1. Tell me, which strands (runs of 3 or more DSSP E) lie completely within the range 62-127 with 1 or more residues that are polar (S, T, N, Q) and without any contact (Cβ under 8 Å) to a residue 12 or more places away in the chain?
2. Sort out which residues of the range 114-172 are touching a Lys or Arg at 6+ places or on another chain (Cβ under 9 Å), of a type in the set (Gly, Ala, Ser) and surrounded by fewer than 18 Cβ atoms within 10 Å (Cβ to Cβ), and write them in order of number.
3. Of all residues being surrounded by 12 or more Cβ atoms within 10 Å (Cβ to Cβ) and at pLDDT below 70 in the range 236-268, which is nearest to GLY53 (Cα to Cα)? Just the residue, please.
4. How do the strands (runs of 3 or more DSSP E) wholly within the range 144-206 filter down when requiring 2 or more residues that are of a type in the set (Asp, Glu) and farther than 21 Å from ASN80 by Cα: which remain?
Amino acid sequence: MEKEHIFLLIFSFIVLKSIAGSHHECLPASCSSSEPEVRFPFRLLGHQPAQCGFPGFDLSCDQQNQTIIQLPSSLPYVVNRISYLEQVIYIDPGFCLPNRIVGLNVTDTSFSYSNYLIQSYTFYNCSQNYTSRYPVLPFPCLSSGNYSAIAILTDNVYPGYVPSNCEVIKTIEVPVQRNGGDVRVALELLWFTPYCKYCERESKVCRLKSDGQRTICVSSSSGEGLSKGAKYGLSIGIGVPALICIIGLVYYAFSKVQDDNDTRNQSIELSSVANIPQPASKSGLDRPTIESYPKTVFGDSCGLPNDDSTCAICLSDYKLKESLRTIPECNHYFHSKCIDEWLKLNATCPVCRNIPENSTSEFGCSS
């Protein structure tokens, strides 16, 4: 019964864990405590299942536990912040990283610019002591002790505007806010599909409907509105562990029946041995003769010949501290009470049917 209870406990634990895991599989996630919260329409690769996000909204964590977005035809960018109410994601243009003076391409993505103009900037490498009468954008993060890096609107590049001791690094097109924003600050990317603002206003959860295209608002504690994929995952999460446990229980029951059959067959064999017709004997042995046979206290410190562990008379296993008696001639062991009663009526060994002689056993474990 103890094994059955253990199996039931394991079964209950796996099923409950599957249910809890399926219900909470789309909980918000993040790369670290200081990083933006990731939830629908975004999903964090390796932390949330595919059905938790919208296609094209995958985020990941880098080796520094920063939140990263990888746009098609673009390098990966660090995500600084996400506004789910305004449906805006703020990303670092990354100009300070090595070989990152590149433009941002949002073509064929779910994102677009808002209040931005696409403008051309030219980056220069100038000597450390450069001077300019016109406003330029310095990039200290790209500078060193020997040179300084600056950027100038390409439309403003005319004789006298660019310092004479500067060399062109690269010209790129980048989005700049219409109200005179700085190209060095975070870029704002908007998304319009899926549209979840109304869910955010009501403090509800936005999820995909079963068609995989439209969204639905559900309570954060409700299981309604699960997508078809989520329902399928829930079924698998519960069904597979349940099937495994059922197979385990069936296997255990089969093994139990097999063990019982083996024990029963062994008992029958021992009974058959015990019931073999014995040679004619007028009477059993007298008490002094029986008492002269060595007695043994069964215990860990002393084994028995041939690893005998069952009394062939009562068919019961020997227990610690039980008194056993051996027939010296054949060195077969039995419970003292069992063999004493047997020898009162029969002068032969119950197992081998040899007629014992009153001799001393060579097995040195008698009491």
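1. Values: elements: 67-70, 76-83, 88-91, 111-113, 116-127.
Passing ranges, in order: 76-83.
2. GLY160
3. The extreme case among them is GLY237.
4. Because the criterion is at least 2 residues that are of a type in the set (Asp, Glu) and farther than 21 Å from ASN80 by Cα, the strands (runs of 3 or more DSSP E) in the range 144-206 that meet it are 166-177.
The values are calculated or read from the model by the stated rules, or taken from the named source; none is laboratory data. Bear in mind the structure is a predicted one, so any value in this text is a computation, not a measurement. Heads up, the Cβs are rebuilt from the backbone with ideal geometry, glycines too, and the neighbour counts pull from every protein chain shown.
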